[in-house]
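These notes concern the structure reproduced below.
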2 protein chains.
Amino acid sequence: MTYNNDYIVPLENITFFTSFAMTKKAIVFLANGTEEMEFTISADILRRAKVDVTVVGVELEKDKPAICANGTKILPDILLTDKELEGNLSYDAGVVPGGLKGSHTCRDNKKVQAIIKNLYDQKKIVAFICAGTLVAKASGIPKGHTVTSYPAVMDQLTDTYEYSQERVVVDKNVITSRAPGTSFLFALTIVENLVGKEAADQLKKDMLTSSVL
Amino acid sequence: MTYNNDYIVPLENITFFTSFAMTKKAIVFLANGTEEMEFTISADILRRAKVDVTVVGVELEKDKPAICANGTKILPDILLTDKELEGNLSYDAGVVPGGLKGSHTCRDNKKVQAIIKNLYDQKKIVAFICAGTLVAKASGIPKGHTVTSYPAVMDQLTDTYEYSQERVVVDKNVITSRAPGTSFLFALTIVENLVGKEAADQLKKDMLTSSVL
Ligand SMILES: [Cu+]
């Protein structure tokens, strides 16, 4: 049998095809004190883009909701300690919302750190918003990256990272953003990088986002 | 005793004072199928403005979360059927988020309709976003008001209301808006009308909202 070059699909086309054909999977972390807008906008927009989102509760009790930064009560899909998570670390993205107390819980949790570092090392997307960027540093995302965060925690990041005041920063596989008011831009930027620009643009239309994000 | 005009405080000063001194109270409705961004952004921003928010579950089971439009699991503070709500109808605002299924549940619920109509009749703020505006009509908010909504449900509203394509519409005590992407503007407009422009402006700064909402 002869080998026919016509059947060889160029690499970029395969990448393009699989990015639409295969369901992408993302973890979004949730703890007591997580900022509920940053969490909800991230999880909702990723799911609207057909990403398979698992909300992972950090240091929550079984069947108890996270009490978010401003009182919204949100239940995770699974807990960080669940066997389901242990056996299934094939995620395409990990997202850490802000909220000072929730970020600190994630920052100080060895298992969250290990998951974030593992995703980063696999060149998967790791995304942090607001005080969530503190988790990047605690997880060992190396020096040299450019990041942003909520302005109030900037001083805790400038010893390790190049710091930007942009509303969202994409530096290779590290995506960072600033505050509740930048959450739409943050989530849509994750979608653009994980699923594609077409999907992000369609969502902007469907959701009637502002002309300036 | 003589009556001294110096002790008479001008009416506008009293209004100004009480609007800051007295805690305002708002209901935000939550049902299965409620759009989680529209819900969360409204509840969170009102609470950031020191409004005492009660999340009222509509047709939910005790201790069960609402499964929102895109899968976020949110627990209400109380249920529509709770005695706590019965005896305490002194709210300053009622907010109905969108999400088609959640809006329909609220639209068809006689008790939600009665609460909204009662608030409206007392000249309290009634606020609807996305498909939530369908609840205004079902509750008997009268003809003549100008409203907006998610574009897809416009046709169900134009027989009763003047329809606007603006991202938010304030028509006396009726505030309406369009979609997840207009939720920040919607919630901040409620704050502006319920608490004051200063509070709304401060929140915009704190949350780093976009220059265009
Ligand atoms: Cu909606």
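The values are calculated or read from the model by the stated rules, or taken from the named source; none is laboratory data. None of the values given here were measured: they were computed from a predicted structure. Note that each Cβ is placed from the backbone with ideal geometry, even for glycine, and that neighbours are counted across all protein chains shown.
Count, please, the residues in segment B:45-54 that happen to be in a helix (DSSP H, G or I) and surrounded by fewer than 24 Cβ atoms within 10 Å (Cβ to Cβ). Write out each step before concluding.
Filtering segment B:45-54 down to residues in a helix (DSSP H, G or I) leaves B:45-48.
Filter again for surrounded by fewer than 24 Cβ atoms within 10 Å (Cβ to Cβ), leaving B:47-48.
Summing the residues that are in a helix (DSSP H, G or I) and surrounded by fewer than 24 Cβ atoms within 10 Å (Cβ to Cβ) in segment B:45-54 gives 2.
Confirm whether B:Ser210 is surrounded by fewer than 21 Cβ atoms within 10 Å (Cβ to Cβ) and within 14 Å of chain A (Cβ to nearest Cβ). Break it down stepwise before answering.
On the way: surrounded by fewer than 21 Cβ atoms within 10 Å (Cβ to Cβ): yes; within 14 Å of chain A (Cβ to nearest Cβ): yes.
Against the criterion (surrounded by fewer than 21 Cβ atoms within 10 Å (Cβ to Cβ) and within 14 Å of chain A (Cβ to nearest Cβ)), B:Ser210 qualifies.
Within segment B:135-143, is even one residue part of a strand (DSSP E or B), more than 14 Å from chain A (Cβ to nearest Cβ) and more than 21 Å from B:Lys24 (Cα to Cα)? Let's see the steps before the verdict.
So in segment B:135-143, the residues part of a strand (DSSP E or B) come out as none.
No, every residue in segment B:135-143 fails to be part of a strand (DSSP E or B), more than 14 Å from chain A (Cβ to nearest Cβ) and more than 21 Å from B:Lys24 (Cα to Cα).
Quick one: in segment A:44-75, which of the residues that are in contact (Cβ under 8 Å) with a residue 40 or more places away in the chain and in contact with a Ser or Thr (Cβ under 6 Å, 6 or more places away or on another chain) is nearest to the other protein chains (Cβ to nearest Cβ)?
Going through the qualifying residues, I end up with A:Val58.
Report, by residue number, each residue of segment B:190-207 that is within 14 Å of another protein chain (Cβ to nearest Cβ) and among the hydrophobic types (A, V, I, L, M, F, W, C). Before the answer, list the steps.
From segment B:190-207, those within 14 Å of another protein chain (Cβ to nearest Cβ) are B:191, B:200-207; that's our starting set.
Within segment B:190-207, B:Val191, B:Ala200, B:Leu203, B:Met207 qualify.
Filter segment B:138-153 for residues that are within 16 Å of the ligand (Cβ to nearest atom) and farther than 21 Å from B:Thr189 by Cα and give the result. Spell out how you get there, then give the answer.
Taking segment B:138-153 as the starting set, the residues that turn out to be within 16 Å of the ligand (Cβ to nearest atom) are B:147-153.
Selection gives B:Ala152, B:Val153.
State whether one or more residues within segment B:156-165 are touching a strand residue (DSSP E or B) at 6+ places or on another chain (Cβ under 7 Å), at pLDDT 95 or above and within 14 Å of another protein chain (Cβ to nearest Cβ).
Applying the first criterion (touching a strand residue (DSSP E or B) at 6+ places or on another chain (Cβ under 7 Å)) to segment B:156-165 yields B:157, B:161-164.
From the residues that got through so far, the ones that are at pLDDT 95 or above too are B:157, B:161-164.
Applying the additional criterion that residues be within 14 Å of another protein chain (Cβ to nearest Cβ) yields B:164.
Yes - at least one qualifying residue is present in segment B:156-165.
Restricting the search to segment B:76-111, which residues are within 16 Å of the ligand (Cβ to nearest atom) and within 14 Å of another protein chain (Cβ to nearest Cβ)?
Of segment B:76-111, the ones within 16 Å of the ligand (Cβ to nearest atom) are B:95-107.
B:Val95, B:Pro97, B:Gly98, B:Gly99, B:Leu100, B:Gly102, listed by residue number.
Inspect all residues belonging to segment A:59-79 and state whether any of them is assigned to a helix (DSSP H, G or I), touching a helix residue (DSSP H, G or I) at 6+ places or on another chain (Cβ under 6 Å) and farther than 22 Å from A:Asn173 by Cβ.
At the first step, the residues of segment A:59-79 found to be assigned to a helix (DSSP H, G or I) are none.
Within segment A:59-79, none of the residues are assigned to a helix (DSSP H, G or I), touching a helix residue (DSSP H, G or I) at 6+ places or on another chain (Cβ under 6 Å) and farther than 22 Å from A:Asn173 by Cβ.
Filter segment B:152-179 for residues that are farther than 20 Å from B:His104 by Cα, among the β-branched types (Val, Ile, Thr) and touching a helix residue (DSSP H, G or I) at 6+ places or on another chain (Cβ under 8 Å) and give the result.
Within segment B:152-179, B:Val168, B:Val170 qualify.
Out of all the residues in segment B:178-213, which are more than 19 Å from B:Arg47 (Cα to Cα) and within 16 Å of the ligand (Cβ to nearest atom)?
Initial filter on segment B:178-213 (more than 19 Å from B:Arg47 (Cα to Cα)): B:178-179, B:181, B:210-213.
B:Arg178, B:Ala179, B:Gly181 - these are the residues of segment B:178-213 that are more than 19 Å from B:Arg47 (Cα to Cα) and within 16 Å of the ligand (Cβ to nearest atom).
Would you call B:Lys123 more than 16 Å from the ligand (Cβ to nearest atom), farther than 24 Å from B:Ile78 by Cβ and under 14 Å from the mean Cα position of the chain (by Cα)? Lay out the reasoning, then the answer.
On the way: more than 16 Å from the ligand (Cβ to nearest atom): yes; farther than 24 Å from B:Ile78 by Cβ: yes; under 14 Å from the mean Cα position of the chain (by Cα): yes.
Answer is yes for this residue.
Just the residues that are within 16 Å of the ligand (Cβ to nearest atom) and in a strand (DSSP E or B), please, taken from segment B:159-168.
The one that is within 16 Å of the ligand (Cβ to nearest atom) and in a strand (DSSP E or B): B:Val168.
Within segment A:58-95, restricting attention to residues that are of a type in the set (A, V, I, L, M) and modelled with pLDDT under 95, which residue is surrounded by the fewest Cβ atoms within 10 Å (Cβ to Cβ)? Spell out how you get there, then give the answer.
Taking segment A:58-95 first, the residues of a type in the set (A, V, I, L, M) are A:58, A:60, A:66-67, A:69, A:74-75, A:78-80, A:85, A:89, A:93, A:95.
Pick out the ones that are also modelled with pLDDT under 95 and you get A:85, A:89.
Working: A:Leu85: 18, A:Leu89: 12.
If we take residues in segment A:58-95 being of a type in the set (A, V, I, L, M) and modelled with pLDDT under 95, then A:Leu89 is surrounded by the fewest Cβ atoms within 10 Å (Cβ to Cβ).
With B:Asn88, B:Asn32, B:Asn118 as the choices, which residue is assigned to a loop (DSSP other than H, G, I, E, B) and touching a residue at least 24 places away in the same chain (Cβ under 8 Å)? Write out each step before concluding.
On the way: B:Asn88 fails: touching a residue at least 24 places away in the same chain (Cβ under 8 Å); B:Asn118 fails: assigned to a loop (DSSP other than H, G, I, E, B).
B:Asn32 is the lone residue from the list that is assigned to a loop (DSSP other than H, G, I, E, B) and touching a residue at least 24 places away in the same chain (Cβ under 8 Å).
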